[in-house]
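What follows is a set of notes on a single structure, which appears directly below.
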Amino acid sequence: VPAVGRYAAFALANLAVNDYNKGEINRCGGIEALVKLSGSDDPEVRQQAKEAMDVMGDLPTVEELEGRRADFDLQSLLKLCAAQRSSVAAMGLDSVSEEVDKGGYAVQSAVAESGGLL
């Protein structure tokens, strides 16, 4: 049914606007589904699949990601570590770890003075 394929591709495109969701879509077989939909006999389904794949391929550059990270100070990163979503907490922990590696004892002291990671 062409409408189902069109709606599925549209839904994946909407989800893929968020960079985190792109990885989840990939892990769940969404790219394979979009490739199959791009071979549909229905031109509207093919177009929607193409648009969804375009959104999936729009990944931030390393510079953009570093710029986003630079917007967070140490206190903000520590707050991320306490996030309810484990993926957010993991990103926060990773970022704090990198800051400690770069900043050494001064950053370790700042983390300790702020109450640590707990």
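The values are calculated or read from the model by the stated rules, or taken from the named source; none is laboratory data. This is a predicted model, so every value here is computed, not measured. Quick reminder, even Gly has a Cβ in these numbers, built from the backbone with ideal geometry, and neighbours come from all protein chains shown. Ligands, DNA and RNA are excluded from the accessible area calculation, which covers all protein heavy atoms including side chains. Shrake-Rupley method; radii C 1.70, N 1.55, O 1.52, S 1.80 Å.
The criterion of being part of a helix (DSSP H, G or I) and of a type in the set (A, V, I, L, M) does not hold for Leu59. Selection over the range 16-38 of residues that are over 14 Å from Asp54 (Cα atoms), open to solvent by less than 60 Å² (accessible area, probe 1.4 Å) and not in a helix (DSSP H, G or I) gives a count of 1. Of the residues making up the range 83-112, those that are open to solvent by 70 Å² or more (accessible area, probe 1.4 Å) and either under 23 Å from Gly23 (Cβ atoms) or of a type in the set (Asp, Glu) (or both) are Gln84, Arg85, Ser86, Met91, Leu93, Asp94, Asp101.
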